[in-house]
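Written out below as structure tokens is the structure these notes cover.
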Amino acid sequence: MLATLRAALGEEESLDSEAWLTGVQKENLIEEAAELLRIAGREGPGVALAAELSRRLAPLAREARARRTALWQLDGNRTACRITYTKDEAALGLDDSDVLGLFLQSLRLEGLPLALDLGHRPRPLLVSGLPLPAEALSEGETLDVVFKREPPGTMADLLAALNQRLPPGLCAKRWEPLPSHASPVAELALQASWCWEVPRDLLGQVEAAVAAFQAAETWLWDRAGTRVEAPLDLRRILGGWAWAGRSLRFSQRLGEHVALNPLKALGAVVVLEPAALAGLRRTGVDLKPDPRLARGDRYAPKLKNMYEDAVLLAGGANITLVDEEEDEPLRLG
């Protein structure tokens, strides 16, 4: 339905509005279609069509969102997974938003219905694990995805189908079922490991800079152009330096510095612009145990109690509520 709408908005295909509206409601894609129309309605050849469909879809979208919000805690069909993928040279120029968009498109093309968040403008529940800038590579990034219902097929089948959709340079390696209350990777990350194959013409400069960095007790980095006024001591963040031929390996402490751009941090140490460090590769991330998984009873929806309460109220049972201030009972039923 969404692909049909995109084609119609681009005037690539005609659209039977009545049949399309019926199909969108049947497939439970009302909110997704409304958001697509909101974005597409700003410009392009399909502005008139977008305006008409938006007007007709708006009340349906409001009802769908209200119904979904009210039943959120009772929805036992939602499932989550964590996708681990690699990013290689063919995808070097892609940043986080590019990668998210490509995975979102690939999942939708496979017909996998993503759940939406509860924001004012609902967005698909697809969240990247750790920031990975353009020009950086990785041997194992993660995406957390929430689906409206359990995807059909085995994990191997889902990975194979997804990789057929993804462009060169991105490859999904693992599909791991995930409890809906699991902590995001960014909250669990302790340390990242990095590797950079130093160009031959820069090898001497980089070796001398790393040696000077290791010999210093502190290495204050004044991040010009940022809102942070105090310089950052990179000796507290970067460590584990080691050489294997021209491969420079080091670690980056995360936690409060999870969003620190490794290209800029390494560039400050070796006195190079981030563009000269293209190909820096994240080789691993150390995670602490997820405290939420150890106490799943605190985060899982209390469906049984909520169902029992609903049955009692619907059945007209006599329930007496006492206002402690007035000390007067209020009787329901």
Spin-label pair D157/R292, simplified geometry with 7 Å Cα→Cβ offset, distance in nm
2.9
Can you figure out the FRET efficiency of E18 with H257, using R₀ = 41 Å and their beta-carbon distance, to the nearest 0.05?
0.15
So the compactness index of the range 132-269, its C-alpha Rg divided by 2.2 N^0.38 Å, takes the value 1.33
What's the ranking of 124-132, 53-61 by average number of surrounding C-beta atoms within 10 Å, highest first?
124-132, 53-61
Calculate the spin-label point distance for E89 paired with V47, positioning each point 7 Å from the Cα along the beta-carbon direction, and give it in nanometres.
4.5
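From the Cα gyration tensor of the range 1-155, with a ≥ b ≥ c the square roots of its eigenvalues, which class applies: rounded if a/c is under 1.5, or else prolate if a/b is larger than b/c, or else oblate? Could you put the intermediate results ahead of the total?
Numbers: a/c = 2.10, a/b = 1.38, b/c = 1.52.
Oblate, because a/c is 1.5 or more while a/b does not exceed b/c.
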Cut-off under 5 Å, modelled amide H: who pairs with A80 long-range
F147, L178
Within the range 228-247, find all residues whose amide N lies under 19 Å from a label point positioned 7 Å from the Cα of D201 along Cα-to-beta-carbon.
246-247
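All of the numbers you see were taken from the coordinates with simple rules; none came from a lab. Just so you know, these numbers come straight off a predicted model, no measurement behind them. Note that each Cβ is placed from the backbone with ideal geometry, even for glycine, and that neighbours are counted across all protein chains shown.
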